[in-house]
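Input: a single structure, listed below in structure tokens.
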Amino acid sequence: MPTPSTVILGTGSFAPSRIMTNDDLSRIVDTSDEWIRTRTGIRERRIAGPSEKASDLGVEAARRALTDAGLTPADIDLLVVATFTPDQPLPSCASLLQKKLGIPTRSACFDVNAACTGFLYALDVASAMIASGRYRRALVVGTEKLSEVVDWEDRTTCVLFGDGAGAAVIGASEEPDRGLLGCLLGCDGSSADLLCIPGGPRDPASPPGARSDRLQMKGREIFKLAVRCMDESARDILEQQHVRADQISLVIPHQANQRIIDAIAEYLELPADRFFVNVDRFGNTSAASIPIALDEARRAGRIKRGDLVLLVAFGAGLTYGSALLRW
Ligand code: COA
């Protein structure tokens, strides 16, 4: 195993207070709690208020991560925000978050859009920039207001998603045995049309309510590719790092569907209790999914010092990736 160059110093997460249950959804579209639970494992999701934007969710998660790390916004010189639902097309969500948090102006701030794999992309980019020696402390945030881009008349998609944010503070690893051991990222643009917003969230050419400005998905194809890509990415990083699956203490998968997580557990031949799952309470929060789960897992005492933790994700693009950490 190589010496890690970066380490996660603190984590935080935040979800809007409004809970939307499956029964609530069944009053909006032709669905049922039974259908949603058995096909996805989702029981409820959080929905942001009209004035609550992705940067507002991100600011709370970021503050909690900074507190957890024992740092202040003044200590940050790199802010990378993973999102595909920024407050507005321009400037970036990171610019807005920088201002709200009070991160110094002499810091690099930008967004990354890799959909549900966004947090892993942002983590890898931030880690590489810190490893270069040109940045000291990074704040990596995954934040999404998916309720703004789902089609609330489409029962095949609107039941799956929710709003939320998660964050992690990254710094140079001062201990040779702790930190990010490796990260593998991938993308298959040939399947881009399987999960997309064709017209863009705020395309002025599309009439209000038109489906081209809403999320569209071919669910069955996505399901199969999600299982295949996450399984392969997990295997690839384990092989690259010379780690056996049974040495992993906890897998934190992207929280899209309980059945996808179960299938990966089966392929990796790992027991279900080795996987952290909160999809039942949040649904799919895209780039926020892994950092929320990581924060919850830590706070629940599921990750101890020295544990090997595997993060693995999949999303529109089609993007996929995995990261291996020694905690
Ligand atoms: N409530 C009730 N019925 C629904 C429904 C809903 N919310 N959504 C779809 N259905 C119906 C379909 O219309 C279909 O009816 P039909 O057989 O009469 O045509 C039936 O349920 C089965 O639909 P199907 O798409 O085959 O279901 P599925 O078992 O594949 O489950 C998903 C659908 C979306 C849950 C599943 O394909 C999935 O999770 N895919 C991956 C999605 C994902 O994770 N995306 C994000 C990746 S980051």
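For residue 103, the conditions (1) open to solvent by less than 20 Å² (accessible area, probe 1.4 Å); (2) within 16 Å of the ligand (Cβ to nearest atom); (3) more than 19 Å from the chain's Cα centre (by Cα) are fulfilled apart from (2). Looking only at region 132-146, decide whether some residue is assigned by TED's automatic domain parsing to the domain that holds residue 10, within 16 Å of the ligand (Cβ to nearest atom) and assigned to a helix (DSSP H, G or I). Yes, there is a match, as at least one residue in region 132-146 is assigned by TED's automatic domain parsing to the domain that holds residue 10, within 16 Å of the ligand (Cβ to nearest atom) and assigned to a helix (DSSP H, G or I). Listed by first and then second residue, the pairs with beta-carbon distance under 9 Å, at least 6 apart or on different chains, first residue in region 257-269 and at pLDDT 95 or above, second within 12 Å of the ligand (Cβ to nearest atom) and of a type in the set (Phe, Trp, Tyr), are 257/223; 259/223; 260/223; 260/314; 263/223.
Taking first residues from region 177-192 that are modelled with pLDDT under 95 and partners that are among the acidic types (Asp, Glu), the Cβ contacts under 8 Å between residues at least 6 apart in sequence or on separate chains come to 191/221. Residues of region 106-131 that are aliphatic (A, V, I, L, M), open to solvent by less than 20 Å² (accessible area, probe 1.4 Å) and part of a helix (DSSP H, G or I): 115, 120, 122, 123, 126, 130. Only one of the numbered conditions (1) over 26 Å from residue 133 (Cα atoms); (2) away from the ligand (no atom under 16 Å from the Cβ) is not met by residue 43, and that is (2).
The set of residues in region 15-73 that are touching a Gly at 6+ places or on another chain (Cβ under 6 Å) and of a type outside the set (Asp, Glu) comprises 15, 42, 45, 46, 61, 64, 65, 69, 73. Taken over region 147-178, the residue count meeting the criterion of being more than 16 Å from the ligand (Cβ to nearest atom) and in a strand (DSSP E or B) is 7. Considered as a group, the residues in region 214-249 that are within 22 Å of residue 303 (Cβ to Cβ) and outside any helix (DSSP H, G or I) include one that is nearest to the ligand (Cβ to nearest atom), and that residue is 248.
The values are calculated or read from the model by the stated rules, or taken from the named source; none is laboratory data. Here the structure is a predicted model, which means the values were calculated and not measured. Here Cβ is always computed from backbone atoms with ideal geometry, including for glycine, and neighbour counts include all displayed protein chains. Heads up: the accessible areas ignore ligands, DNA and RNA and are worked out on the full protein's heavy atoms, side chains in. Shrake-Rupley method; radii C 1.70, N 1.55, O 1.52, S 1.80 Å.
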